[in-house]
Amino acid sequence: MPADAPVAGASRRTRSPATVVAGRTALAASRSGAAWGAVFAVAVASSAVSYGTLYTSRASRRALADAYGSNHATSALFGPAPHLDTAAGFTAFKVGMSLMLLGAVWGLLTGTRLLRGEEDQGRWELLLAGGTTPRRATAQGLVGLGAGVAVLWALTAAGTVVAGHDPKVDIAVGSGCYFALAMVATAGMFAGVGAVAGQLVATRRQAAAWAATILGIAYAVRMVADAGVGLHGLVWASPLGWVEELGALTDPRPTALVPIAALTVVLAVVAVTLAGRRDLGAGLVPDRSRGRSRLGLLSGPMGLAVRLVRPTVLGWWAAIAVSGLLYGLVARSAATAVTGSSVHDVLSRLGATGSGAEAVLGVCFLVLAVLVAFAAAGQLTATRGEESSGRLDNLLTRPLSPAAWLGGRLAVAIVVLVVGGLLGGLAAWLGSASQHAGVRLGVVALAGLNLVPPALVVLGLGALALGLAPRAMSAVVYGYLAWSLLVVVIGGIGATGHWVLDTSVFHQMAASPAVPVDWTADAIMVGVAAVLAGCGIAAFGRRDLAGL
Amino acid sequence: MSADDAPVIATRGLTKRYHGTDALVDLDLEVAAGEVVGYLGPNGAGKTTTIRLLLGLIRATSGTAAIFGLDCRRDAVAVHRRLAYVGSETSLWPGLTGAETLHLLGRVQGRVDDAYGDELVERFALDPGIKVRAYSKGNRQKLVLIAALMTRADLLVLDEPTVGLDPLMEQAFRLSVGEARDRGQTVFLSSHILSEVEALCDRVGILRAGRLVEMGTLAELRHLSALTVEATFAGQVPDLASIPGVASVVVDGPVARCQVHGPVEPLLRVLADAGVTGLLSREPSLEELFLARYGGRDTGPVVDPPASPDAG
Ligand SMILES: Nc1ncnc2c1ncn2[C@@H]1O[C@H](COP(=O)(O)OP(=O)(O)OP(=O)(O)O)[C@@H](O)[C@H]1O
Ligand SMILES: [Mg+2]
C-alpha cells in the first residue's frame with residue numbers, strides 16, 4: 001500500500017545500529033536454540049518415558065540403583081546417580097551430562113559465531129561505521145545470545161514438563177523448569193567464555209578452540225572430583241560441577257546457582273569491556289604479522305595440509321591423551337567399587353575378560369571413541385573450509401587434480417585419527433600402570449586402535465557428503481555424530497539388539513579393552529569407510545567447486 | 001597438428017547455466033599462440049564463468065573447451081602444467097608469509113623461474129616476510145601476480161588481475177605482461193580497466209549477458225563505432241542533432257561535442273558554414289566504445305555501469 005510506505009521507511013530509520021545487532025543476533029541464536037532445544041526436549045522426554053517401560057518391577061529398579069548408584073566409573077564419566085529408583089532421577093542421570101556438554105558446545109559455538117564470526121566476515125564494519133560503538137554492539141550481541149539461551153531453556157522445560165505430566169514419570173512443573181535451567185546453565189556460561197575468547201584472539205576458529213579447551217579442562221576437573229578418589233571438593237572448581245551440584249530432579253540445591261550466575265555476568269561484563277579495548281578484526285592477544293619463513297613442510301599439498309591442521313590436531317591429541325590418562329588413573333578404584341556388583345555381571349555377560357580395571361576402561365573408551373570421531377569431523381570441516389574460502393583455487397589451478405588433493409587431505413586425517421587412538425590407549429595404560437591396576441599394555445594399545453574405525457566411518461561419510469552436497473557436509477557429519485551419540489546414550493542403559501542401535505557407529509565398536517577387539521566389525525567399518533570415501537573422491541572430481 | 005598454428009584456447013558452443021541463469025551461452029572463442037586477448041563485459045556478463053570453465057574448476061553445461069588441444073576438464077592437470085592463473089579475489093592462507101606462499105605455489109606448479117621471481121618481488125616492491133593476513137589488499141594481489149608470472153607459463157589467464165593495485169604497480173604489471181608477450185607467451189586478460197586492455201591487447205572480445213557480442217582488433221572495433229568530434233564556435237551553436245549520422249550532441253557554452261557514425265561530410269559542411277574556431281576529432285577510446293555500447297541508451301536489460309576502480 002503506497003500510503004504506508006513513508007511510515008515504514010521512517011520507522012526503519014529510527015532503529016539504531018546497536019539494536020540491529022541485538023535483533024540479528026537474537027534471531028540467529030533463537031533459531032539454533034530452537035533446533036537444539038527440540039533435540040534436548042526429545043532426549044529428556046524419551047528417556048523419562050522409557051524408564052516406565054524398561055524398569056517395570058521394583059526389583060529391577062533396585063538392581064539398577066545398586067549397579068550405578070555408587071559406581072565411580074560411570075560417576076566420573078556421567079556424574080553421580082543418586083536416585084535411579086525414580087523416573088526423575090533416572091532421567092537426570094541418563095541425559096544430564098550429555099545435555100550439559102551439548103549445551104556448553106552450543107554456547108561456545110554460538111557465542112563465537114555471532115560475536116566473532118560475523119565480525120570476521122566484515123559484517124560489523126558497516127554497522128560500526130554507522131554510529132554504534134564496539135562495546136554497545138557486543139552488549140547487544142550478548143542480549144541476543146541471551147534470547148537464544150531462553151529459547152533453548154523454554155523448549156527443554158516444555159519437553160520435561162510434558163513428559164513429567166505422565167503419572168509414571170511424575171515431575172512437577174517447578175522441578176521441570178529447574179531441571180531445564182540446569183541443562184542450559186552451561187550454554188549461558190560457555191556462550192560467555194566464547195564471547196570473551198572472541199575478544200582475545202583474532203579469528204572465530206581460534207576463539208572456539210580456546211573456549212573448547214576450557215570446556216575440556218572443566219570436564220576433566222569434574223571427572224576427578226566424581227571419580228571417588230577423595231577429591232570431591234574439586235567439584236566446586238568446575239562450572240560443570242556447579243551444574244551437578246544443582247541436584248536437579250533429585251536433591252535441589254539452588255545455592256549452586258550463585259556461582260553460575262556470577263560467572264555468566266562476569267564473563268559478559270569482561271567481554272563488553274574488552275570489546276572497547278581492541279581494534280575491529282583484531283584480538284587483544286597480539287598476533288605477529290612478521291614471521292620467519294619456514295619452508296620445510298611447504299613443498300606440496302600434503303605438507304601444506306599438515307602445516308594447516310597442526311595446531312588443532314595437537315589440541316585434539318592432547319585432549320584425547322589427557323582423557324585417556326585420567327581414565328587410567330581412576331580405573332583401579334572404580335573397578336574395586338564395581339567388583340561383585342551387577343555392573344560386573346553386565347560386563348561379564350558382554351564377554352568381559354581381564355582385570356576389573358580393563359573392564360572399567362571398556363566403558364570409558366566410548367568417550368575416547370567420541371573424541372576421535374569428533375577429531376575426524378574437525379578434519380572434514382577444515383578440508384571443506386579450504387574449498388569454501390576459495391583457497392583451494394590456488395592449488396587446483398595448478399597441476400594438481402581434485403581427487404589427488406582430497407585423497408591427500410583424507411590421508412592426513414587418517415594419520416591424525418590413528419595416532420589419536422593409539423595415544424588414547426597408551427595414555428590410559430600409563431595412568432593405570434601408575435596405579436598398579438594390572439592393565440596389559442598390548443590389550444589397551446589394541447583398544448586404542450579399535451577407536452579408529454568408527455572415526456573412519458565418519459570420515460568416509462563426510463568425504464561422500466563433500467563430493468555430493470558440500471554445503472550440507474557439516475550438517476551431515478555433525479548430525480550423524482549427534483545421532484550416534486544420542487543412540488548410545490539413550491540405549492546404553494536399557495534395551496539391546498534393537499535395529500536403531502545399529503545405526504550408531506559407536507554401537508558397532510566392541511567395548512575394548514573390556515572385551516576383545518571385534519576384528520570383523522572393525523574390518524567391515526573400514527571397508528564401509530573406504531567405499532564411502534572412494535565414492536566421495538570420485539564425486540568431488542566430477543562437480544563444480546562450491547564457495548560458501 | 002603442428003603446435004604453432006593450433007589455437008592455444010579453443011571453445012565451441014561453450015555454455016554454463018546455473019539454475020535458470022544463463023551465465024555463458026554458446027561461446028566460440030579462439031586465441032592463437034602469442035596473442036594478447038582482452039575480455040570485457042559489464043558486471044555479471046560471464047567473464048569469470050568463462051575463465052573458471054577454461055580452468056576446469058566448473059563443468060560446462062554443454063559445449064567444449066580446449067587449451068593446447070587438451071580438454072579443459074578431463075586433462076586439467078596437463079593443461080595446468082602450461083598455464084598460470086590470477087583471480088580477482090584470491091584468498092590465500094592467512095598464516096603463511098609471502099615468501100612461504102610463493103614457495104608453496106611454486107612447488108605445486110612444479111616449474112618456476114626463481115631468478116625472475118626475485119626480480120618480480122623487487123619490481124612490485126613486495127615485502128615477502130609479512131604474513132598474508134597482515135598484507136593490504138593490493139599487496140595480496142601482488143603476491144598472486146608474482147606467483148603466476150614467475151612460472152613463465154605458455155598461457156597466462158588473468159581475471160581482473162590489477163584490482164587494488166596503485167598506478168605505479170599497474171605500470172609494473174603492464175611491463176610484465178609486455179615481457180610475457182615478447183617471450184611469445186599467450187595472455188587472456190579479463191579487465192574493467194579499459195586503458196589497460198587498450199595498452200596491452202591485440203584483440204578484444206566483449207561479452208554481454210553471457211554472449212560474445214564483439215570480437216576483433218581494436219581498429220576493427222573502432223571502425224564499427226563512432227568518431228568523436230568537438231567543435232568550438234565563434235557565435236551561435238547550430239543545430240547538430242538533425243544532421244544524419246550525428247548523435248549524442250552535448251552543448252556546453254560555445255563548445256559542442258558529438259558522435260558521428262558513417263560519413264563525416266554532412267557534419268563538416270554544417271560546421272564550415274557556422275564559423276568554427278576550433279575543431280578536435282579523435283577515434284573513440286575503448287572506454288567510449290564500451291560506454292556507447294552499454295551506457296544505457298542501448299536497448300535491452302539494464303546493466304550496471306562499468307566501474308573502473310583505482311584506474312587513476
Ligand atoms: N555459483 C553461481 N551460482 C549461480 N549463479 C552464478 C554463479 N556464479 C556466477 N553466477 C551468475 O553467472 C553470471 C556471470 O557471472 P560472472 O561471475 O561470470 O560475471 P563477471 O563477468 O565475471 O562479472 P564481474 O565483472 O562482476 O566480475 C552472473 O549472472 C552471476 O550471477
Ligand atoms: Mg568476474
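GluC sites (Glu not before Pro), restricted to the range B:12-98: which are DSSP loop and have at most 15 other Cβ atoms within 10 Å? Intermediate results must be reported in sequence, preceding the final value.
Values: sites: B:E30, B:E35, B:E89; in loops: B:E35, B:E89.
Counting only loop positions with at most 15 other Cβ atoms within 10 Å, the GluC sites (Glu not before Pro) in the range B:12-98 are B:E89.
Answer rounded, prolate or oblate for the range A:398-537, using the Cα gyration tensor with square roots of eigenvalues a ≥ b ≥ c: rounded when a/c is under 1.5, else prolate when a/b is larger than b/c, else oblate.
It comes out oblate by the Cα gyration axes.
In debye to the nearest 20, how big a dipole does chain A give about its Cα centre with +1 on each Lys and Arg Cβ and -1 on each Asp and Glu Cβ? Spell out each step's value before the answer.
Values: 37 positive and 24 negative charges, 321 e Å.
It works out to roughly 1540 debye.
To check you understand DSSP bridge types, tell me what percent of the beta bridges within the protein assembly as shown (both residues inside) are antiparallel, rounded to 5.
Numbers: 39 of 56 bridges.
Looking only at bridges with both residues in the protein assembly as shown, the antiparallel portion is about 70 percent.
Between the range B:147-221 and the range A:192-223, how far is it from one alpha carbon centroid to the other, in angstrom?
48
So for chain B, if I pair up every lysine 8 or more residues apart or on another chain, how many of those pairs have alpha-carbons under 22 Å apart?
Number of lysine pairs found: 4.
How many Å³ per residue does the convex hull of the Cα positions in the range B:226-283 occupy?
Hull volume normalised by residue count: 65 Å³.
For chain B, what does the accessible surface come to per residue with a 1.4 Å probe? Please give it in Å².
So chain B comes to 45 Å² accessible per residue, rounded to a whole number.
In straight Cα distance, which lysines are under 20 Å from A:K94, not counting same-chain residues fewer than 8 positions off?
Filter leaves A:K168.
Considering only DSSP beta bridges where both residues belong to the range B:9-218, give the percentage that are antiparallel (nearest 5). Before the final figure, lay out the partial values.
Working: 21 of 38 bridges.
Roughly 55 percent of the beta bridges in the range B:9-218 run antiparallel, per DSSP.
So what's the angle, to the nearest 10 degrees on a 0 to 90 scale, between helix B:265-274 and the longest Cα principal axis of chain B?
Roughly 50 degrees, rounded to the nearest 10.
Could you compute how much accessible area chains A and B hide from each other, both sides summed, with a 1.4 Å probe? Nearest 100 Å² is fine.
Separately minus together, A and B give about 3100 Å² buried.
Can you give me the three principal axis dimensions of chain B from its C-alpha atoms, in Å, biggest first?
70, 43, 40
So what is the relative contact order for the range A:405-475, in percent, with contacts set as C-alpha pairs under 8 Å and at least six apart?
30
Within chain A, which complete DSSP H helices have Cα atoms spanning at least 18 Å along the helix axis and a mean Kyte-Doolittle hydropathy of 0.5 or higher?
A:17-54, A:87-112, A:134-164, A:173-200, A:204-225, A:257-275, A:301-338, A:356-388, A:402-434, A:452-468, A:473-493, A:519-542
Using only the alpha-carbon atoms of the range A:19-286, report the extent along each of the three principal axes, biggest first, to the nearest angstrom.
Principal extents (Cα only, largest first): 68, 39, 28 Å.
Charges on Cβ only, +1 for Lys and Arg, -1 for Asp and Glu, centred on the Cα centroid of the range A:296-548; of A:P301, A:I537, A:V313, which one is farthest towards the dipole's positive end?
A:P301
Can you tell me the 0 to 90 degree angle between the C-alpha axis of helix B:167-182 and the longest principal axis of chain B, rounded to 10?
Roughly 70 degrees between the two axes.
Nearest 20 debye, what's the magnitude of the dipole of the range B:1-155 about its Cα centre given +1 on Lys and Arg Cβ and -1 on Asp and Glu Cβ?
700
When only Cα pairs under 8 Å and 6 or more residues apart are kept, what is the percent relative contact order across chain B?
Rounded, it is 19 percent for chain B.
Scale the Cα Rg of chain A by the rule-of-thumb value 2.2 N^0.38 Å and send over the ratio, two decimals.
Here the answer is 1.00, to two decimals.
Mind putting a number on the dipole of the range B:42-98 about its Cα centre? Charges go on the C-beta only, +1 for Lys and Arg and -1 for Asp and Glu, and I need it in Debye to the nearest 20.
120
Per DSSP H run of at least 4 residues, take -39500 (n - 2.57); add these up for chain B, divide by its residues and hand me the 222 nm value, nearest 500 deg cm²/dmol. Mind showing how you got there, number by number?
Details: 10 runs with 97 residues, N = 312.
So the calculated ellipticity at 222 nm is -9000 deg cm²/dmol.
Would you work out which of B:V246, B:L158, B:T48 lies farthest towards the positive end of the dipole of chain B, given +1 charges on the beta-carbon of Lys and Arg and -1 on that of Asp and Glu, about the Cα centre?
Going by the Cα projections, it comes out as B:T48.
Dipole of the range B:1-116 (Lys/Arg Cβ +1, Asp/Glu Cβ -1, origin at the Cα centre): which of B:Y85, B:L104, B:G34 lies farthest to the positive side?
In the range B:1-116, that residue is B:L104.
Give the ranking of A:E387, A:E244 by solvent-accessible surface, highest area first, calculated with a 1.4 Å probe. All intermediate terms of the calculation are to be shown ahead of the outcome.
Numbers: A:E387 10, A:E244 30 Å².
Descending order: A:E244, A:E387.
Relative contact order for chain A: what is it in percent, counting Cα pairs under 8 Å that are at least 6 residues apart?
15
The values are calculated or read from the model by the stated rules, or taken from the named source; none is laboratory data. Nothing here was measured: the structure is a model prediction, and the numbers come from that model. Backbone-built Cβ (ideal geometry, glycine too); neighbour counts: all protein chains shown. For the accessible areas, the whole protein counts, side chains as well, though only heavy atoms, and no ligand, DNA or RNA atoms are used. Shrake-Rupley method; radii C 1.70, N 1.55, O 1.52, S 1.80 Å.
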